[in-house]
1. Would you point out which residue out of 37, 50, 27 is modelled with pLDDT of 85 or more, surrounded by 10 or more Cβ atoms within 10 Å (Cβ to Cβ) and of a type outside the set (Phe, Trp, Tyr)?
2. Collect the residues in region 41-72 that are among the hydrophobic types (A, V, I, L, M, F, W, C) and free of Cβ contacts under 8 Å to residues at least 12 places away in the same chain, keeping them in residue-number order.
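The values are calculated or read from the model by the stated rules, or taken from the named source; none is laboratory data. Remember, it's a predicted structure, so these values are computed and weren't measured experimentally. Cβ placement follows ideal geometry from the backbone for every residue including glycine, while neighbour counts extend to all protein chains displayed.
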Amino acid sequence: MSEHPGTESVPAATPLLWAPEPEPLGVPFEPTGHPEVDAELAGLERLDGVPTVEHPAVYENVQQRLNTILTSLDEHA
């Protein structure tokens, strides 16, 4: 009997023996008309074929740069 009631039927975690190859998302890029913003958004295309675990760092970098670009646009408006 388990020392933790209710856990007798919980199977042990199965180790991941292989990871599927990442596939391109195929999301089309539509230019905004602002070169700096377009360059950052186009950079998201590098995520195609990259394991999902690596996506957050790329999203965070792009978000930070877009925030900087858009803030500077507001300051110059």
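1. 37
2. Pass one, region 41-72, residues among the hydrophobic types (A, V, I, L, M, F, W, C): 41-42, 44, 47, 50, 53, 57-58, 62, 66, 69-70.
If the condition is that a residue be among the hydrophobic types (A, V, I, L, M, F, W, C) and free of Cβ contacts under 8 Å to residues at least 12 places away in the same chain, then 53, 57 are the ones that fit.
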